[in-house]
Amino acid sequence: MALSTGIQCVPAFKSNLVSVEAVTWASQASLSGVKFRGYERSGLGLRQSLGYLRDRHVVGGRVIRSIGRRASRTCKRIGCVRMAGAEEDVAQPTKKGNTQSKNNVAEEGDTNRGGVNPVGFLKEKGLKTKAFQTFTRERYKALKDLKQLIAERDEDLVEFANAYEDMGMHRNPGHHVEFYEWAPGARFCSVVGDFNNREHRKHFAREGYFGRDDFGYYHVRIDDVLREGEEEDNATQEYNYDADYDKGDEDIDEDALFERIDQEYWDPGEDEFMSGHKDDLAQELFTTIFGKDLDPMEMVKDISAKYKSKKKKKMYYDDDDSGDDDDDDEYEREPQTLEEFKAAVESHMEEWLASNAEAQKGKDLPSILVEDDGINRDEMELVDDPVWAKRVEEKEWPENYWENFVKGRKAWEKKYIPGISHGDRYRAYLHTPEGPLERVPAWASYVLPDPDGNEVSAIFWDLPKDQQYNWKFDRPSKPQTLRIYECHVGISGESPKIASFNDFTDTVLPRVAKAGYNVIQLFGIQEHADYSSVGYKVTNFFAISSRFGTPEDFKRLVDTAHGLGLMVVMDIVHSHAAPNEGNGLASFDGANDCYFYPGRRGHHKRWGTRMFKYGEYEVLRFLLSNSKWWFMEYKVDGFYFHSVTSMLYTHNGFTPFTSGLDDYCNQYVDKDALIYLSLANEMLHQLSPNMITIAEDATFYPGLVDSINKGGLGFDYYVNSAPSEMWPFLIENVPIQEWSVTEITGTLITTENTTKALVYSENHNQSIVGGQSLAEALLGTSKESSKNISKLEGISLHKIIRLITLSLAGSAYLNFMGNEFGHPKWVEFPRAKNNNSFAHAYRRWDLLEEQGPHSQLAAFDQALMEVDETHNILGQGLPNMCHVNDTTKVIVYTRGNLLFAFNFHVTDTYEMYKVGVQVAGEYELVLNSDQPNFGGLGQLQEADKLLNTTRRQSDGLPNTLLLVLPQLSAQVYKLARVFETSS
C-alpha cells in the first residue's frame, strides 16, 4: 500500500492510533508548512501545538520532524510514524530507505584506504594459506552483514554509537529527568536513591512500550515538583538549563509571531489547503487499514472509549492492557455502539466545518489519497507527491519559532523543585526471576562510594552551566611522529598517596611538555573498584575514576594538555570487565547476565574477569558508544586497546601457537571480537581524521594494522613488545661483553609493518609488582640488582638501549612516567599483601633537581626527543643496515638522512672505525650519548663532529665513513651535504 504523502509509516503500536490526526497533520507539514488552527478544535492551543513541532528541522532542503533524542531509541524499537527524509538519528524502515542505507555502507567502505578486497592484505604479504583466507572472507562477510543491519536499525555506525545520549540519566528540557537502562532479563525496573527515600515504586518504568520495549530497554521518568503557588506548565513548555534567561522569558505576542511566520513561509493558496483537506488523509487511512465495516469496540476499544467518573463523564484512553492501572477505580467505562461512534465523529466534523470558514477553501490544490496497489506488505510505504516534494525542496524553513517559547534556568528554578538534584545518589532497582537486585546503572557517568562504605552509587552529574568546565583549547593536530608519555594519575605525585587530576594537571603535564613528548597515554581512567588492579578491572565504563577527582577536573586535565600541544590517548578496556556484581556489569540483570558469555567462556582463564558477548547487538552498542563517549565528552584523541589478545581467543592467548596461520582461524578464535574491533576502528576514524588507535596484542594477529577493506582490523599501530622483553632478559642473564649485536638487531627489526609498530624499551609492566625497571637493574637500585655492572656502564646502557629501540624498532615510541630519568624504585600499588602501603606508589620527581645520574638521563632523553622532533626519526620508513659486528660489538645503520652508530663494547673505544654507507657526503653529529652533561666521558673531539666520506667500498656499500666510537656509547649524524659522484 503506497500513500502519496510526505511521511513514512511502519506498523504502529496501539497508542499511535489515537494520534491519526497528528500523523495527518505531520504529513501535510512535511509537504508545505505549518498551520496550528486545526488543533484548536481538539482543545489544543498554540503552545500545545508546539509539542508536535519543537524538534522539527530542515534536512537536505526538506522540512522534517525528528522524534527527539530522548525518545528516539524507544521509537526505533516499537514502530511509529516518521517523516520522509528523516533526521540523521532516525532510522529509515522503508524499501527506499534500505536501498539508501546499502549505498551508504558501500560508500563508507570505498573511502577507507581504497577499494574492497577481503583478503587484500594477505595477497600483499604473499600469505596464501587457504584456511585463513576462507576465515577472513567469512569474517568480512559477517562484518558487512552486521553493518547493513546497523544501517537498517540505526542509520549508520556513528549514530549506532550515540546511545550515551539517551542511556543513563539525563535532564529533559520538559522539566523532568529521564533514565534509560538495558536489562533484558529483568521484569521490572525503577530508580531508587535518597531523593525518593529509596522507594522502588515511586519512579519506575510503566507497563507498555513507553516503559519497556521488546529489546529490554527500560524508561523511567522523574518529574520535577511544582512549587507551592505556581501554576503547571502546558505540555510543550521547555527550559534551557544552561542559560539564566532565554527568549521565552520575554513577553511574546503569539498571534503576531505566527501571523508573521505564515506570511513569510506560505505561498498563496497553500495555507488554504491545510484547512480545506486536512482530514482527508486521516479518513482514507482509517478506512484503508480497518475496512468500512469497522467494529470500534473490538479494534479500537483502548483508543476511543468513554469513561464516567464519580462526578462526571470523561473520555479516557488507557494504553495499558494489563488491567492493573492505578487509576481504573476512578472511572466507570461507558460502552459505545458503532452507530454512536460514527454519529459522534460526524457531529464533530460538522461542528468544526461550521466553525471554520477556511475549510471550504483550497479546492484546486492536490488532495491526499491512500492508494492501494493490491500488494500486501508488512510495512506501509508512503511516497512523496512529486509536485509537493518540489515545492518543499524549494522553500526555506522559517526561523526556529519554538525557541521563542523556551525559558531559562531562573524561570525553572522559580517554578520547580528538581525531582533529582545534581549530586544525588541513585541505583537501578530490578526485579528478575531470581529476585530483586540493585545495581549501579551501566551507563553511569560518575560513581562514588556511599558514606557508610557498604555500597557504591551513581551520582547524577547535572552542574549549572556556570559551574561546568569551559573548554579553552582546540585539539592539537596529529603530529608526524608519536612520542608517547605513559602515565597513571594516582601514582604521579611526589607523596605516597593517591594523586588527583588537578595535581597531575598542575605538576606533571608541564614536565611532559618540557621533556619533548607530544602525546600522553593515561591508564586507569575508567572507574575501577580495585585500585590494585592498576585500572584494568573496570567496573563502570562511562565513569572517570572518582578517586582522582570529578568529571570537570578530568576535562581540565585534557584541555590543559591540548593547550600544551599534547594529544591525549587513554587505555580503554573492552577486552574484559571486573567480576563485581553490585557495582559492575556481572550478572547485571540476574542469571541472564546480558553483557557476558555464559559458562566458562564468560570468564577469563587467569584473571577471573568477565568476557563480553561481542556477538550481542546491544553489547556492541554499549562498547562502541563507550569509546565515542570518551571522545565526545572528554575530547580524548585516541585509544590504546588493552589486552586485545584476551578478547581474540577463547583461551585468552594462554596457549602455544605452533600451527602458523591456522592458529589465527581455528575454533578458538572469537570472530565476533574481531568484527567488533573492525567496527570500533571504522567508527572512531569516521569521528576524526586525527584519531589514534593502538592494539596491544602479544600474538600479532595478522591484519591488525591493515585496512578493513583489505581484510584487516584497521588499527593505526600495534604494540611491539619484543624489545621490552629482550632487554631485561639480557641484563639479568647475559654478561654485557657476551651480548650478541646480531641477535639484538634481529629482535628489534620487524620486517612486517615496522612503519606501524609502537615500541618501548620498557613500559609500566616492567616495573609493576614482581618486576623492575631498567634503571633498577642497571644502576643497582633494585632489591635484586644485576651483578658486575658499574654505575657508568649502567648509565651508558640506559641511554643507548633507549636510542636504539626508538630508532630501529618502530614508528612510534612510548616511555613510562619517570623511566626517562631512571626512576630508582619499582611500582607497587596498595594491596592486602603489602598492608595497603603507598611506599612504592608515587614518583621521585625531586631527583631531577639534583645534579647526578637522574638529571643526566633526563637531559639525554630530552635531547633524543628533540632530535626526533627536528629530524623525524620515527617517520623515516624502514632502516637500512650498514654494519653489524659481533666481535667489535658495533651496529651502524641509516634511517632517512640520519646515520646511527652504536658501540656495545664495555672497554674498547674505536678511533678510526670503518663503516660503509650508501650516500657520499658530509655527516654532522646531532646527538652523542657520551657527552658529559649526559653522564658520559666526553671522548669525542670537535673534529669528530663533522665527517666526510671517502670513495671506497666497505660493507658492500660504495662509500666509507671513519667513525670515533667510545665504549658503550651511541652517536647520531645527519647527512648535511651530498657529494657529487661520477658514474
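Coordinate-derived values only; no laboratory data. As the structure is a prediction and not an experimental result, all values here were calculated from the model. Cβ sites come from the backbone with ideal geometry, for glycine too, and all protein chains shown count toward neighbours.
Taken about its Cα centre, segment 469-719 carries a charge dipole of about 240 debye when Lys and Arg each add +1 at the Cβ and Asp and Glu each add -1 at the Cβ.
Cα-Cα over 24 Å: which of Lys395/Lys628; Lys635/Lys825; Lys465/Lys537; Lys889/Lys974; Lys799/Lys974?
Working: Lys395/Lys628 35 Å; Lys635/Lys825 33 Å; Lys465/Lys537 33 Å; Lys889/Lys974 22 Å; Lys799/Lys974 19 Å.
With Cα atoms farther than 24 Å apart: Lys395/Lys628; Lys635/Lys825; Lys465/Lys537.
Amide H contacts of Ala920: Phe979, each under 5 Å away and 5 or more positions distant or on a separate chain (H built 1.01 Å from N in the peptide plane; Pro and chain starts excluded). Here the Karplus relation 6.51 cos²θ - 1.76 cosθ + 1.60, evaluated at θ = phi - 60°, turns the backbone of segment 622-632 into coupling constants of 4, 5, 5, 5, 5, 5, 5, 4, 5, 5, 7 Hz, with x for every Gly and Pro. First check a/c for segment 562-720, with a ≥ b ≥ c the square roots of the eigenvalues of its C-alpha gyration tensor; if it is under 1.5, answer rounded, and if not, answer prolate when a/b is larger than b/c or oblate otherwise. Oblate. Applying the Karplus relation 6.51 cos²θ - 1.76 cosθ + 1.60 with θ = phi - 60° to segment 573-584 yields 3J(HN,Hα) values of 9, 10, 8, 6, 9, 4, x, 5, 9, x, 10, x Hz, where x marks Gly and Pro.
Near Leu963, the amide H atoms lying under 5 Å from its own belong to Tyr913, Lys914, Val915; only residues 5 or more places off or on other chains count, and H is placed 1.01 Å from N. Taking the Cβ-Cβ separation of Lys144 and Thr887 as r and a Förster radius of 56 Å, what is the calculated FRET efficiency to the nearest 0.05? With a Förster radius of 56 Å, E is 0.50.
Overall shape: rounded for segment 863-979, with the ratio a/c of the largest to smallest alpha carbon gyration tensor axis below 1.5. In units of the rule-of-thumb radius 2.2 N^0.38 Å, segment 721-978 shows an alpha carbon radius of gyration of 1.02. Shown in residue order for segment 859-867 are the 3J(HN,Hα) couplings computed by the Karplus curve 6.51 cos²θ - 1.76 cosθ + 1.60 at θ = phi - 60°: 5, 5, 5, 5, 5, 5, 5, 5, 5 Hz (x for Gly and Pro).
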